[in-house]
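Just so it is clear, none of the values below were taken in a lab; they were calculated from the coordinates. These numbers were taken from a predicted model, which means no experiment stands behind them. Cβ atoms come from the backbone with ideal geometry, glycine included; neighbour counts cover every protein chain shown.
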Amino acid sequence: MFGEGYIAQHILQYVKQFSEKRSYQIYVTSCLQAIAENTTHYLTGKGIEDYGKSMNKSWADIIDPPKPTKEEKELENIDCVEFTKNMFKKIRGKGDNK
């Protein structure tokens, strides 16, 4: 009943159950987010208008945030002087407008 095979089997079973439970929770919260977003819009003479609150992040993104992109990493490492110089270049039309 105990031994290496039992422990390995128990760990694999636990990981499978944990993964299934987590994927189900993510699915349910994504569905609820879609329902909430769909009910915050209404049609008027001006077009579709938003009212009420809506979620701007999914539960999956909160508990397991996506990795930052290359551009986001570069912006984190930029110093204030360089950022200010680039900003004024863009204002004057001399820099790239990214």
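Just a few scattered comments:
- Charge dipole of the stretch 1-66 (Cα centre as origin; +1 on each Lys and Arg Cβ, -1 on each Asp and Glu Cβ, all else neutral): 80 debye, rounded to the nearest 20.
- Helix-only mean residue ellipticity at 222 nm for the chain, each DSSP H run of n ≥ 4 adding -39500 (n - 2.57), per residue, nearest 500: -19500 deg cm²/dmol
- In this calculation the C-beta distance from Glu37 to Val81 is compared with R0 = 35 Å, giving a FRET efficiency of 0.30.
- Selection from Thr29, Tyr51, Phe88, by position along the positive dipole direction of the chain (Cβ): Phe88
- Trypsin sites (Lys or Arg not before Pro) lying in DSSP loop within the stretch 1-70, provided at most 15 other Cβ fall within 10 Å: Lys46, Lys53, Lys57
- Qualifying chymotrypsin sites (Phe, Trp or Tyr not before Pro) for the chain [loop in DSSP, other Cβ within 10 Å: at most 10]: Phe2, Tyr51
- Debye-formula intensities of the chain, expressed as log10 I(q)/I(0) at q = 0.10, 0.17, 0.23, 0.24 Å⁻¹, are -0.66, -0.94, -1.09, -1.14 (one equal scatterer per alpha-carbon, no solvent).
- With 0.36 nm allotted per residue and the present C-alpha distance subtracted, the Glu20-Lys89 stretch has 19.7 nm of extension available.
- Local electrostatic count, Ile63, Cβ distance below 11 Å [Lys/Arg +1, Asp/Glu -1]: 0
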